[in-house]
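Accompanying notes for the structure given below.
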Amino acid sequence: MFAVLKTGGKQYRVTSGDVLRVEKLAADAGDTVQFNDILMVGDTIGSPLVAGAGVQATVIDQIKAEKVIHFVKRRRKHGSKRTKGHRQQLTLVRITDILADGADKSGVKAAIGAAMAPRDATTSSAPAKAAPKKGEASVSASKTDAPKQKDEAAPQGGSDDLKKLSGVGPALEKKLHAAGVTSFAQIAGWTEADVAEMDEKLSFKGRIEREGWIDQAKQLAAEKE
């Protein structure tokens, strides 16, 4: 029996015993994980997913793909030239079992992308806030909660005009704001892991590196100072 699963934005046709290289998962070598986004199992086609289906696999190792060289040169007002190498982080897995149903009751942990795992861990480990004392509830609601919503959307230093970045229009700027990105300083400080996370979260498909946002953001941030 075969199945078609989806992970890391890609689809794979698998059978028991197959070895796959998938986008990095939050798991260690030897762990058993379960892919729950199953598009097809045998003759059963999902709409879009097959309910109760799953594919279990054993993690063999965490590896990297071959190095890819990116060269970007922009002849613009804020032009830039950059040569950068990148090796995509991958997870090597071996398919062990294909479940046509009952996967939701198997007890095997779900295969989660590594880009999502740190955020979940941070959220769950955040210390709980102390309950307000008597008479302080109204102060907490009016002076703490309301400004906090603005602070989460706008980092220190205020909001910049992200449309100055190459390829960013009003719609894309709105998506970045919704993701909490509002300043050139934030983008200038992105690491490779941050870029990979934003690519997956907002479906940029390599736009950040292709357009040279980080170099442009550094120049724009420097001009702002």
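The values are calculated or read from the model by the stated rules, or taken from the named source; none is laboratory data. The structure presented is a predicted model; accordingly, all values stated were derived computationally and were not measured. Because the Cβ atoms are built from the backbone with ideal geometry, glycine has one as well, and the counts that use them run over all protein chains shown.
At-a-glance table
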{"quantity": "Qualifying positions in the range 5-19 - closer than 19 Å to S106 by Cβ and either free of Cβ contacts under 8 Å to residues at least 60 places away in the same chain or in a strand (DSSP E or B) (or both)", "calculated": "L5, K6, T7, V14, T15"}
{"quantity": "Pairs with Cβ under 8 Å, 6+ apart, first in the range 30-44 and in a loop (DSSP other than H, G, I, E, B), second basic (K, R)", "calculated": "D31/K109; D37/K6"}
{"quantity": "Selection from the range 181-199 of residues that are surrounded by 17 or more Cβ atoms within 10 Å (Cβ to Cβ) and closer than 24 Å to K64 by Cβ", "calculated": "W190, V195, A196, E197, M198, D199"}
{"quantity": "Long-range neighbours under 7 Å by Cβ, at least six apart or interchain, first residue in contact (Cβ under 8 Å) with a residue 60 or more places away in the chain and over 12 Å from L162 (Cβ atoms) within the range 173-198, second among the β-branched types (V, I, T) and part of a helix (DSSP H, G or I)", "calculated": "none"}
{"quantity": "Count - residues of the range 164-180 that are of a type in the set (A, V, I, L, M) and either surrounded by fewer than 17 Cβ atoms within 10 Å (Cβ to Cβ) or assigned by TED's automatic domain parsing to the domain that holds R76 (or both)", "calculated": "4"}
{"quantity": "Selection from the range 182-225 of residues that are of a type in the set (V, I, T), outside any helix (DSSP H, G or I), touching a helix residue (DSSP H, G or I) at 6+ places or on another chain (Cβ under 8 Å) and under 24 Å from K81 (Cβ atoms)", "calculated": "none"}
{"quantity": "Residue that is farthest from D97 (Cα to Cα), among those in the range 1-53 that are surrounded by fewer than 18 Cβ atoms within 10 Å (Cβ to Cβ), among the hydroxyl-bearing types (S, T, Y) and under 25 Å from the mean Cα position of the chain (by Cα)", "calculated": "S47"}
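Residues are listed down the side, and each one gets a yes or a no for (1) assigned to a helix (DSSP H, G or I); (2) among the hydroxyl-bearing types (S, T, Y); (3) surrounded by 12 or more Cβ atoms within 10 Å (Cβ to Cβ); (4) modelled with pLDDT under 90:
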{"position": "T91", "(1), (2), (3), (4)": "no, yes, yes, no"}
{"position": "T96", "(1), (2), (3), (4)": "no, yes, yes, no"}
{"position": "D101", "(1), (2), (3), (4)": "no, no, yes, no"}
{"position": "D104", "(1), (2), (3), (4)": "yes, no, yes, yes"}
{"position": "V108", "(1), (2), (3), (4)": "no, no, yes, no"}
{"position": "A115", "(1), (2), (3), (4)": "no, no, yes, yes"}
{"position": "P118", "(1), (2), (3), (4)": "yes, no, yes, yes"}
{"position": "S124", "(1), (2), (3), (4)": "yes, yes, no, yes"}
